[in-house]
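First the structure, in the form of structure tokens, and then the observations on it.
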There are 2 protein chains.
Amino acid sequence: MPDFAIIGAGAMGSAVAKRLIDHGATVLTNLEGRSELTIARAKAAGMAPVGREELAKAELILSIVPPAEAIGVAEFVADISSGLSAPAPFLDLNAIAPKTMQTLAARFGGSAVEVLDGAIIGGPPVAGKSGPTLYVSGDGAARSRLLEDYGLRVRRLDGRLGAASALKMCYAGINKGFVGLGAAMLLAASRSGAAESLKAELAESLPDLDRKLSKSIPDMYPKAYRWVAEMQEIADFLGEDDPGATIFRGMAGVFSRLADDVEDGRVLVRQLDEILGSESAGAMVMP
Amino acid sequence: MPDFAIIGAGAMGSAVAKRLIDHGATVLTNLEGRSELTIARAKAAGMAPVGREELAKAELILSIVPPAEAIGVAEFVADISSGLSAPAPFLDLNAIAPKTMQTLAARFGGSAVEVLDGAIIGGPPVAGKSGPTLYVSGDGAARSRLLEDYGLRVRRLDGRLGAASALKMCYAGINKGFVGLGAAMLLAASRSGAAESLKAELAESLPDLDRKLSKSIPDMYPKAYRWVAEMQEIADFLGEDDPGATIFRGMAGVFSRLADDVEDGRVLVRQLDEILGSESAGAMVMP
């Protein structure tokens with residue numbers, strides 16, 4: 001039975017751990033200084049708490065953290081792996097731009113650690129469903145096969161290190177970007193008295209887009225704060241020369257405003273729920 | 001049989017005219033100084049060319065022109081209507097922001113002309129289909145009923161003058177904005193080697209959005225140049241205080257780049273077509 005190490009026991013990290021554990025693996029994590037919520041979630045998933053240095057004993061180390069923490073995690077792993085004769089490969093699964101991924105890989109310069117670029121597309125694993133999909137690039141030796149053997153859906157990409165990150169940026173740009181676009185326009189319709197006719201016209205002439213917004217906008221509220229950094233990362237990925245970068249700087253602003261509203265007052269949330277006919281207006285959702 | 005006047009015999013204006021004519025109306029237009037293409041299109045639709053002043057004799061005057069020309073058309077109609085004891089109502093059907101609509105209405109200050117705010121949602125009328133929908137606000141006296149009587153689908157909005165323009169801005173922001181978002185991300189995927197995996201993942205996990213992009217991106221190429229101004233108008237509509245305005249300034253940049261490419265080289269068009277598996281790469285489409 002292999003040991004995996006997962007750094008990050010958030011909603012995604014702990015659910016990925018649970019999938020591996022349910023298939024017979026052991027998943028190590030370090031919980032020093034973590035919140036009570038994180039500790040409870042890690043234990044519920046069956047993760048094995050160990051000391052920081054012991055994470056290096058796993059056969060594969062996964063990083064599943066918010067984008068802003070990805071490089072720090074890599075530095076930590078480079079540190080605990082240094083001096084080991086056969087350190088475990090390191091798989092970054094975070095929503096970071098390919099250039100950030102290159103910077104991250106450079107933190108392992110001179111070490112024997114094999115660095116893999118990964119991206120998770122889809123929500124956290126749920127019992128009975130096969131998703132999400134883990135895309136992995138830079139994995140010539142198929143180190144990620146171990147994840148497949150223990151219940152995860154993995155697709156290896158031919159491209160060089162960074163291809164999985166690029167895919168994630170593009171996918172999130174379309175998927176989450178559309179949610180930001182929809183939220184911005186529904187709020188504008190609400191304040192200009194066009195909400196009702198807009199919703200009716202969308203339902204009639206763009207039913208697919210309407211369904212997507214009706215489901216995904218309420219799902220977004222508790223995640224808006226995380227999506228701010230993701231949108232900025234997509235803007236960086238597109239680069240200054242691409243006018244698309246401006247779109248995502250605007251998206252970051254839209255999600256930032258929504259994140260503030262979720263924390264304080266839920267005025268915009270109520271406006272959106274009213275248009276969407278959603279029930280979540282009164283409910284507080286755990287971030 | 002009523003006479004309508006339509007200012008603007010573009011693809012939309014001439015198709016709206018044809019629908020009215022097919023239902024028995026006469027549609028006046030002025031073709032002085034217009035291109036051969038426009039003249040041919042107006043004649044094919046059965047529009048009746050008349051002198052500029054004669055347009056004022058119609059029972060309802062419609063403006064269907066690019067957003068940048070909307071105010072100029074209003075000034076012209078105010079001019080030819082001045083001095084008439086019972087001038088025809090004027091219906092602006094252009095994709096302009098509510099504030100632009102207010103400015104436009106102010107051009108009729110002191111005159112007896114009734115100004116109506118309209119917006120067309122959907123493509124040009126086609127025989128056998130009931131769309132598009134004409135939304136009209138500020139129409140207390142139901143002047144737009146005449147259009148309904150002659151084969152067009154009309155919905156009157158309760159809101160004040162500007163509500164139809166607001167609806168159009170919001171709808172176009174979602175519909176065309178999504179096309180711009182998708183094009184920007186597909187191009188980014190293409191240059192970072194993630195195009196194939198992105199397309200496969202979209203088809204699998206977001207089939208509705210994938211279908212929309214596959215159809216709407218190729219349809220957009222010949223219209224990209226017009227969408228630049230529409231995106232800027234949406235940014236103005238949202239206003240400086242709304243981070244969503246930044247999204248649409250970026251969209252204007254994306255469509256501007258695509259419009260240049262359509263005119264010169266079609267390099268980006270070919271990249272998009274390759275991802276989408278579309279056939280239009282070699283075909284030149286009439287703008």
- Query: open to solvent by 10 Å² or more (accessible area, probe 1.4 Å), touching a Cys at 6+ places or on another chain (Cβ under 9 Å) and either closer than 22 Å to B:GLY250 by Cα or within 7 Å of chain A (Cβ to nearest Cβ) (or both), is that true of B:SER205?
  - Reply: no
- Between a first residue in the stretch A:5-21 that is more than 9 Å from A:ILE64 (Cα to Cα) and a second residue that is acidic (Asp, Glu), which pairs have beta carbons less than 9 Å apart while being 6 or more apart in sequence or on different chains? A:ALA5/A:GLU54; A:ALA5/A:GLU59
- Message: Looking only at the stretch A:229-260, filter to residues that are within 8 Å of another protein chain (Cβ to nearest Cβ), farther than 20 Å from B:ASP236 by Cα and of a type outside the set (Phe, Trp, Tyr); which one of those is surrounded by the fewest Cβ atoms within 10 Å (Cβ to Cβ)?
- Response: A:SER256
- Sort out which residues of the stretch B:165-216 are of a type in the set (Ser, Thr, Tyr) and within 16 Å of the chain's Cα centre (by Cα), and write them in order of number. B:SER165, B:TYR171, B:SER216
- Task: Please specify each residue of the stretch A:111-145 satisfying the condition of being in contact with a strand residue (DSSP E or B) (Cβ under 8 Å, 6 or more places away or on another chain), within 26 Å of A:ILE80 (Cα to Cα) and either without any contact (Cβ under 8 Å) to a residue 12 or more places away in the chain or open to solvent by 40 Å² or more (accessible area, probe 1.4 Å) (or both).
- Result: A:GLU114, A:ARG143, A:ARG145
- Pairs only if they're at least six apart or on different chains, beta carbon under 7 angstrom, first in the stretch B:208-235 and of a type in the set (Val, Ile, Thr), second open to solvent by 10 Å² or more (accessible area, probe 1.4 Å); list them, first residue then second. B:ILE217/B:LEU276; B:VAL228/B:SER256; B:VAL228/B:ALA259
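Which is modelled with pLDDT under 95 and touching a helix residue (DSSP H, G or I) at 6+ places or on another chain (Cβ under 9 Å), of B:ALA252, B:ALA245, B:ALA229? Reasoning before the result, please.
On the way: B:ALA252 fails: modelled with pLDDT under 95; B:ALA245 fails: modelled with pLDDT under 95.
Matching residue, one of B:ALA252, B:ALA245, B:ALA229: B:ALA229.
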- Query: Exactly one of (1) farther than 21 Å from B:GLU196 by Cβ; (2) at pLDDT below 95; (3) open to solvent by 10 Å² or more (accessible area, probe 1.4 Å); (4) facing chain B (nearest Cβ under 7 Å) is unmet by A:ALA194. Its number?
  - Reply: (3)
- Report yes if some residue within the stretch A:98-105 is over 21 Å from A:VAL16 (Cβ atoms), away from chain B (no Cβ under 14 Å) and free of Cβ contacts under 8 Å to residues at least 60 places away in the same chain; otherwise report no. yes
- The correct count of residues that are open to solvent by less than 10 Å² (accessible area, probe 1.4 Å), facing chain B (nearest Cβ under 7 Å) and not aliphatic (A, V, I, L, M) in the stretch A:158-189 is 5
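Out of all the residues in the stretch A:143-172, which are part of a strand (DSSP E or B), farther than 29 Å from A:ALA224 by Cβ and not aliphatic (A, V, I, L, M)? Steps first, answer last, please.
Pass one, the stretch A:143-172, residues part of a strand (DSSP E or B): A:153-156.
After this cut, where a residue has to be farther than 29 Å from A:ALA224 by Cβ as well, the list is A:154, A:156.
Within the stretch A:143-172, A:ARG156 is the sole residue that qualifies.
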- Given (1) more than 10 Å from chain B (Cβ to nearest Cβ); (2) touching a Lys or Arg at 6+ places or on another chain (Cβ under 8 Å); (3) crowded, with 24+ Cβ neighbours inside 10 Å; (4) not charged (D, E, K, R), where does A:MET220 come up short, assuming only one miss? (3)
- Of the residues A:GLU36, A:GLU75, which single one is within 18 Å of A:LEU116 (Cβ to Cβ) and loosely packed, with under 15 Cβ neighbours inside 10 Å? A:GLU75
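The values are calculated or read from the model by the stated rules, or taken from the named source; none is laboratory data. Just so you know, these numbers come straight off a predicted model, no measurement behind them. Glycine gets a Cβ as well: all are built from the backbone with ideal geometry, and neighbour counts include every protein chain shown. These area figures cover heavy atoms from the full protein model, side chains too; ligands, DNA and RNA do not enter into them. Shrake-Rupley method; radii C 1.70, N 1.55, O 1.52, S 1.80 Å.
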